[in-house]
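A.B. asks: Just dropping this structure here.
The values are calculated or read from the model by the stated rules, or taken from the named source; none is laboratory data. The model shown is predicted, which means the values in this text are computed figures rather than measured ones. In this analysis, Cβ positions are derived from the backbone assuming ideal geometry, glycine residues included, and neighbour counts consider all displayed protein chains.
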Amino acid sequence: MKNIPVSDVRNFILLGHSGSGKTTLVDALLHKMGVNDRLGLVASGSSMADFTDEEKERKISVFSKSFSAPYKSSDGRTIEMMFCDTPGYVDFFGQVISASRATETGMIVVDAASGVQLGSRRSWRLCNRQGLSRAIVISGLDKDNVDYATTLSEIQAAFGSGCVPVSLPKSDGSGFVDILGKDIPDDLADQVNEIKGSLVELAAETDDTLIEKFLGGDDLSPEEISHGLRDSVASGALVPVFACNALKETGITELLDGLSRLFPSPVDRDPKDAEGNVIATGASDPMVGFVWRSVNDPFVGQLTFVRILGGTLKSDSEIVNANNGEKERVGSLLQVNGKKQVQVESATAGDIVAIPKLKHTAVGDTLCSAGSRTICASFKFPSPVMFQAVHAKTQADEDKLGTALHRVADEDPTLHVVRNNDTHEMVLQGLGDVHIGVAVNMMKSRSNVDVLLTTPKVPYKETVQGLGEGHYKHKKQSGGRGQFGEVYLKVEAKRPEEEEWFLNETVGGSIPGNFMPAVQKGLVEAMVAGPLAGAPVTDIKVHVYDGSYHDVDSSEVAFKIAGGRAFREAVLAAKPVLLEPIMTVKVAIPDSSLGDINSDLNQKRGRILGMEAEDGMQVITADVPQAELFKYAAELRSMTAGEGTFSMKYCRYDVVPQNVAQKVIAEAAKDKEEAH
């Protein structure tokens, strides 16, 4: 975008645990590169990265954001820095996943006072899954009772010996030393030379010519070292560890020089489509861009953020959405830095730009030059773990509710809006209570819709465990033609392998064939609301074996009523039971919380299936009734001081214990009475 070759573009994402200092570091980078004329601060609400009302109020990052600026490195080159700030709070991990698809390298920020935390490990795993190069930045070294060496040892223990420092704090605390730089204090010379020797060896191992030169005792040139180390970082063999103090803006120059020297460019890593084919990155190749974010800007309207993978995207051009075949008109291209938006004429590989007002494009789509078709792999987002039923406060809100819900869900693929046909509720699903809360606030601020949130109703079902018979004679005479229909039937549980649930076993024409569809219709309508709690009846087989009719008074309506009433009687006689959805959950917690979480899962009627260690955490797998999990995300966070996370997926329906079923049935009867 600024006439800088793609080989001099560095594209990275800042990751880490909530509170590790990512956004503070972003503000320091932006100030250093001249994007902001002062150092923005999260605490004072002046951060260039956390600029939305939600973020200022909560003092945490909520949305991923992209930034770009040129940097004049110490060797005289101009490097285009493209990078994304991401939330550390687990409720917004979907934003992190999206942004990770827009970058080559993940830079994990670790707070020296807190050390390696759950969010640090989660970020590391994400980089592995996405195939990103990695680097680590140690922050917070100005805090009391912190030690650089201790933090570095913890990082190496967690992530391996490939984590090698490339900058060190000076002994007097005045700043930081670039290990590959020139000005090395005498008291750090021995330590720097030892580390530099390891780095030179890593650089040499990336190329046969370099390793021969190294083993032959010849010195590698600075250019050879930089090239070899960049290859080593790109392959994952080297994870550079930087150190800085963002609030005092020390170590920022060393960090930016290190990014310029060590991070791979877009041409150093081959982007691939969904089938594993390499996407050509040259400016003259067909344009391919991946949509990683969508925002409804209050001034511009819909903004679609695109990471260019190859070719050149130009303003005032026509492109194609490869996922749906729709043509899109590109009027202008915007380079976005926080609230600042600057129009640019074109974008090439590595660039991130925003396109206003695309009509047929969503997050996860691939945009291509007209005449070409490349589709990138779609996102894999975590499933929702927090559920809230949404009710409009007023009729005016009701009229706008659907639009407001889908508007926030379109921007955030981890927010789901589901209409539950069994409970007749609109349910907002997300990754936590804060996630849901932010969505509600956005509906109010953007669509002027006020809502009430309640715990969703459980989609119970009813079935039978025995054999029951039912009989009903519908007879009505009120002058003129009457109504007559009589049905005898039996019900029992239907086995999974059985296909037919309705069996006509009448003989001798006791119920004429033309009335049998009406009987079946009566059964279907009766199954909508069972006799226990008004829940749908499932997994049941009905045998209609007898009945009677009247030549004149019998009708379809009469047999429909008779079938429904007979069915209800038969179900009540067949040992009816209530069924509830069971979810399989995986709960990741620190060792210290193991006893409390096991006990809590047992209290929630959970059945522990297994336990295993994974990435320094204990992972418990259990089957738990959905009724116990609607608020579990917030409860787990409280019980584990924010260290615990969980995922869940539907497993099966199972019988509700009698003591619980009685409460559910009583509550359903009360609701029915109040409704009347």
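A.B. asks: Can you tell me how many residues within segment 282-298 are more than 15 Å from Ile375 (Cα to Cα) and assigned to a loop (DSSP other than H, G, I, E, B)? Reasoning before the result, please.
C.D. replies: Step one: filter segment 282-298 for residues more than 15 Å from Ile375 (Cα to Cα), giving 282-285, 293-298.
Remaining after also requiring assigned to a loop (DSSP other than H, G, I, E, B): 282-285, 298.
Result for segment 282-298: 5.
A.B. asks: Let me ask something else about it. Take Ala274 and tell me if it is part of a loop (DSSP other than H, G, I, E, B), small (Gly, Ala, Ser) and under 26 Å from the mean Cα position of the chain (by Cα). Break it down stepwise before answering.
C.D. replies: Values: part of a loop (DSSP other than H, G, I, E, B): yes; small (Gly, Ala, Ser): yes; under 26 Å from the mean Cα position of the chain (by Cα): yes.
Answer is yes for this residue.
A.B. asks: Looking at Val552 and the list (1) within 41 Å of the chain's Cα centre (by Cα); (2) in a loop (DSSP other than H, G, I, E, B), which single condition is not satisfied?
C.D. replies: Every listed condition holds for Val552 apart from (1).
A.B. asks: Restricting the search to segment 608-629, which residues are without any contact (Cβ under 8 Å) to a residue 40 or more places away in the chain and over 23 Å from Thr455 (Cβ atoms)? Steps first, answer last, please.
C.D. replies: Of segment 608-629, the ones without any contact (Cβ under 8 Å) to a residue 40 or more places away in the chain are 608-614, 618-622, 628.
Correct list: Ile608, Leu609, Gly610, Met611, Glu612, Ala613, Glu614, Gln618, Val619, Ile620, Thr621.
A quick yes/no check of all residues on (1) modelled with pLDDT of 90 or more; (2) crowded, with 23+ Cβ neighbours inside 10 Å; (3) aliphatic (A, V, I, L, M):
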position	(1), (2), (3)
Val164	yes, no, yes
Ser171	no, no, no
Gly197	no, no, no
Glu201	no, no, no
Asp208	no, no, no
Glu212	no, no, no
Pro222	no, no, no
Val239	yes, yes, yes
Lys248	yes, no, no
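Let's see how each residue does on (1) in contact with a strand residue (DSSP E or B) (Cβ under 7 Å, 6 or more places away or on another chain); (2) in the same structural domain as Glu643 (by TED's automatic domain parsing); (3) of a type outside the set (A, V, I, L, M):
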position	(1), (2), (3)
Lys22	yes, no, yes
Leu30	yes, no, no
Ser47	no, no, yes
Ile60	no, no, no
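A.B. asks: Name the single residue, out of those in segment 37-57 being of a type in the set (A, V, I, L, M) and out of contact with any helix residue (DSSP H, G or I) (no Cβ under 6 Å at 6 or more places or on another chain), that is surrounded by the most Cβ atoms within 10 Å (Cβ to Cβ). Give the derivation first.
C.D. replies: Filtering segment 37-57 for residues of a type in the set (A, V, I, L, M) gives 39, 41-43, 48-49.
When the remaining residues are screened for being out of contact with any helix residue (DSSP H, G or I) (no Cβ under 6 Å at 6 or more places or on another chain), the result is 41, 43.
On the way: Leu41: 15, Ala43: 9.
Selected residue: Leu41.
A.B. asks: Something else: Among the residues in segment 252-270, are any in contact (Cβ under 8 Å) with a residue 60 or more places away in the chain, loosely packed, with under 15 Cβ neighbours inside 10 Å and not acidic (Asp, Glu)?
C.D. replies: Here is the first cut: in segment 252-270, the ones in contact (Cβ under 8 Å) with a residue 60 or more places away in the chain are 252-269.
If we keep only those that are loosely packed, with under 15 Cβ neighbours inside 10 Å too, we end up with none.
No: segment 252-270 contains no residue that is in contact (Cβ under 8 Å) with a residue 60 or more places away in the chain, loosely packed, with under 15 Cβ neighbours inside 10 Å and not acidic (Asp, Glu).
Condition check ((1) surrounded by fewer than 16 Cβ atoms within 10 Å (Cβ to Cβ); (2) in contact (Cβ under 8 Å) with a residue 60 or more places away in the chain; (3) within 27 Å of the chain's Cα centre (by Cα); (4) under 10 Å from Leu367 (Cβ atoms)) across all residues:
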{"position": "Gly301", "(1), (2), (3), (4)": "yes, no, yes, no"}
{"position": "Gly311", "(1), (2), (3), (4)": "no, no, no, no"}
{"position": "Ser317", "(1), (2), (3), (4)": "no, no, no, no"}
{"position": "Gly331", "(1), (2), (3), (4)": "yes, no, no, no"}
{"position": "Gln335", "(1), (2), (3), (4)": "no, yes, yes, no"}
{"position": "Lys339", "(1), (2), (3), (4)": "yes, yes, yes, no"}
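A.B. asks: I'd like to check which strands (runs of 3 or more DSSP E) are fully inside segment 332-428 and have at least 1 residues that are of a type outside the set (A, V, I, L, M, F, W, C) and over 30 Å from Glu580 (Cα atoms). Give the derivation first.
C.D. replies: Numbers: elements: 333-337, 340-344, 346-348, 352-356, 366-369, 386-392, 416-420.
Strands (runs of 3 or more DSSP E) meeting the threshold: 333-337, 340-344, 346-348, 352-356, 366-369.
A.B. asks: Being closer than 30 Å to Ser120 by Cα and either hydrophobic (A, V, I, L, M, F, W, C) or at pLDDT 90 or above (or both), is that true of even one residue in segment 650-668? Reasoning before the result, please.
C.D. replies: Going residue by residue through segment 650-668, those that are closer than 30 Å to Ser120 by Cα are 650.
The next check asks that each one be either hydrophobic (A, V, I, L, M, F, W, C) or at pLDDT 90 or above (or both); those that pass are 650.
Looking through segment 650-668, at least one residue is closer than 30 Å to Ser120 by Cα and either hydrophobic (A, V, I, L, M, F, W, C) or at pLDDT 90 or above (or both).
A.B. asks: Among the residues of segment 583-591, is there at least one that is in the same structural domain as Asp654 (by TED's automatic domain parsing), in contact with a Lys or Arg (Cβ under 9 Å, 6 or more places away or on another chain) and within 27 Å of Ala493 (Cα to Cα)?
C.D. replies: Looking for residues that are in the same structural domain as Asp654 (by TED's automatic domain parsing), in contact with a Lys or Arg (Cβ under 9 Å, 6 or more places away or on another chain) and within 27 Å of Ala493 (Cα to Cα), one finds at least one in segment 583-591, hence yes.
A.B. asks: Oh, and also: Of everything in segment 341-368, what is of a type in the set (Ser, Thr, Tyr) and either under 23 Å from the mean Cα position of the chain (by Cα) or in the same structural domain as Asn11 (by TED's automatic domain parsing) (or both)? Give them in sequence order. Let's see the steps before the verdict.
C.D. replies: Step one: filter segment 341-368 for residues of a type in the set (Ser, Thr, Tyr), giving 346, 348, 361, 366.
Passing the criteria: Thr361, Thr366.
A.B. asks: Can you give me the ranges of the helices (runs of 4 or more DSSP H) entirely in segment 134-245 with at least 2 residues that are of a type in the set (S, T, N, Q) and under 31 Å from the mean Cα position of the chain (by Cα)? So that I can check it myself, show each step before the final result.
C.D. replies: Numbers: elements: 148-159, 189-204, 208-215, 222-235.
Fully inside segment 134-245 and qualifying: 148-159, 222-235.
A.B. asks: If you don't mind, another one. Out of segment 451-503, which residues are of a type in the set (Asp, Glu) and either buried (at least 19 other Cβ atoms within 10 Å of the Cβ) or on the phi > 0 side of the Ramachandran plot (or both)? Walk me through how you get there before you give the answer.
C.D. replies: First, the residues of segment 451-503 that are of a type in the set (Asp, Glu): 462, 469, 486, 492, 497-500.
Matches in segment 451-503: Glu462, Glu486.
A.B. asks: Just give me the residues in segment 566-605 being of a type in the set (Val, Ile, Thr), farther than 30 Å from Gly485 by Cα and in a helix (DSSP H, G or I), in sequence order. First the steps, then the outcome.
C.D. replies: Restricting attention to segment 566-605, the residues satisfying the condition of being of a type in the set (Val, Ile, Thr) are 571, 577, 582, 584-585, 587, 589, 597.
Of the ones still in play, those that are also farther than 30 Å from Gly485 by Cα are 582, 584-585, 587, 589, 597.
Scanning segment 566-605 gives a single hit, Ile597.
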